[in-house]
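What follows is calculated from the coordinates using simple rules that are stated; it is not laboratory data. This one's a predicted model, so the numbers in the text were calculated from it and none came from an experiment. With ideal geometry, Cβ positions are generated from the backbone for all residues, glycine too; neighbour counts draw on all protein chains shown.
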Amino acid sequence: MPFPQTRLRRLRATRVLRGLVRETTLKPSDFVFPLFVAHGVDRREPIAAMPGIDHLSIDHAVQEAGEAAAMNIPAVLLFGLPATKDTEGSGAWDDEGVVQLATRAIKDAHPELIVITDLCLCEYTSHGHCGALRPDGSVDNDATLDLLAKTAISQAHAGADIIAPSDMMDGRVRAIRQALDDEDFTDKPILAYSAKFASAFYGPFREAADSAPAFGDRRGYQMDPANGNEAVREAKLDIEEGADIVMVKPALPYLDLIRRIKDETGMPLAAYNVSGEYVMIKAAAQAGLLDERQAVLEALTGIRRAGADIIITYHAKDAAGWLQ
Ligand code: PBG
């Protein structure tokens, strides 16, 4: 029955009525909070490119993780800034590396908080690429797989609850699954950055993680933003190789792919609301151009409505506070 019998405004009349028919929920338990961990003691330094986000020494990372846990955020995602870098990225699989030490410290202090470790070499290589280089400067896929597998084992030994490869090498989920299983980590889940696009929205992160490539770009391994069918293929291949959770990254320019991958695979799905998406809202809010709270909650709700179960976001603590 059309108008005038049908009037959709009837159910919009009050806040309580709107709540009764709301289709999508947004809760602190949907969030993962990323942390940038650096060496040193008692250090907390603002990241200029990401207002509100700091470089944290391990003691501060433990404190920050505890605050997130107290707000019912179930997980943190760790990125490390090593003291030194080399061409191989050997800091990634150093058992005393910054992420390994932070993982142990956070798990000791907050055993129930889930620690997810980002698994990539770009923060650890002097050239800033996500894998081993061939003489011509291209990234050698197959030579990188062993390094990633070694890193996964080191992270698992440190106590990481979930291993999250973000490098975009072909076959890495299989290599990591195999290595974990060989070491009896058969119960360690893999959260695969499955559809990770070569995006301008990682700009602030590369300053935060000091991981900008020294030459060239990541288009030889990260996906072309124009490709949707290929993103679905990436997710399906990762599932075949053993991924437990798949990811779409960035989130807001790729909501169609969150929906498609969710519908086509039915897998638990994470979306990464990346650094550039974060600073767009932050900068606009700081300039007085939009309401931060409403904009953040709307953006995160949109990501959930598109089909994401999990949202990795730098807004996690703010949003959790607003949602309490
Ligand atoms: C590492 C990695 C990146 C991000 C997460 N893991 C950067 C990149 O691929 O260049 C980006 C996260 C963000 O922008 O918030 N490969």
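Okay, here's what the table says:
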| quantity | calculated |
| --- | --- |
| DSSP-defined beta bridges in the chain - what % are antiparallel, rounded to 5 | 10 |
| Proximal lysines to Lys107, defined as alpha-carbon separation beneath 16 angstrom and excluding residues fewer than eight positions away on the same chain | Lys188 |
| Alpha carbon convex hull of the chain, volume per residue in cubic angstrom | 150 |
| Residues of the range 75-94 with amide N under 13 Å of a point placed 7 Å along Cα→Cβ from Glu183 | 92-94 |
| Average Cα contact separation per residue, the chain, under 8 Å, 6 or more apart, as relative contact order % | 18 |
| Which of Ala299, Ala198, Ala316, positive extreme of dipole for the range 176-324 (C-beta unit charges) | Ala299 |
| Taking only Cα atoms of the range 1-90, radius of gyration then Dmax in Å | 22.3, 70 |
| Stretchable slack from Leu17 to Asn229, in nm (0.36 nm times residue separation minus alpha-carbon distance) | 72.4 nm |
| Local electrostatic count at Ala200 - Lys and Arg +1, Asp and Glu -1, tallied over other residues with Cβ under 15 Å | +1 |
| The range 67-211: mean projected area of Cα convex hull, nm² | 9.0 |
| Burial ordering of Ile73, Ile239, fewest other beta-carbon atoms within 10 Å first | Ile239, Ile73 |
| Dimensions (Å) - the range 106-181, Cα atoms, principal axes, largest first | 45, 26, 16 |
| Under 15 Å, Cβ to Cβ, from Ser138 - net charge with Lys/Arg +1 and Asp/Glu -1 | -3 |
| Label-reachable residues, the range 36-80, where backbone N falls under 20 Å from a point 7 Å from Leu289's Cα toward its Cβ | 48-53 |
| Residues Met169, Met71, sorted so that the one with the fewest Cβ neighbours within 10 Å comes first | Met71, Met169 |
| Full-stretch length increase - Asp170, Ala198 - with 0.36 nm per residue and alpha-carbon distance subtracted | 8.6 nm |
| Reciprocal mean inverse distance between Cα atoms of the range 133-277 - Kirkwood radius, Å | 15.8 |
| Per-residue HN-Hα couplings for the range 300-309 [Karplus 6.51, -1.76, 1.60; θ = phi - 60°; Hz; x = Gly/Pro] | 5, 5, x, 5, 5, 4, 5, x, 7, 7 |
| Approximate spin-label separation Lys27-Asp256, in nm, with each point projected 7 Å along Cα-to-Cβ | 3.2 |
| Pairwise FRET efficiency - Gln5 versus His39, Cβ, R0 = 51 Å, nearest 0.05 | 0.15 |
| Order of Met280, Met247, Met168 - criterion: other Cβ atoms within 10 Å of each residue's Cβ, fewest first | Met280, Met168, Met247 |
| Charge context of Phe3, other residues only, Cβ under 13 angstrom, K/R +1, D/E -1 | +3 |
| With Cα atoms, 0 to 90° folded angle of helix 98-109 axis to the chain main axis | 60 |
| Calculated P(r) tail over 22 Å for the range 213-312, as whole % of Cα pairs | 37 |
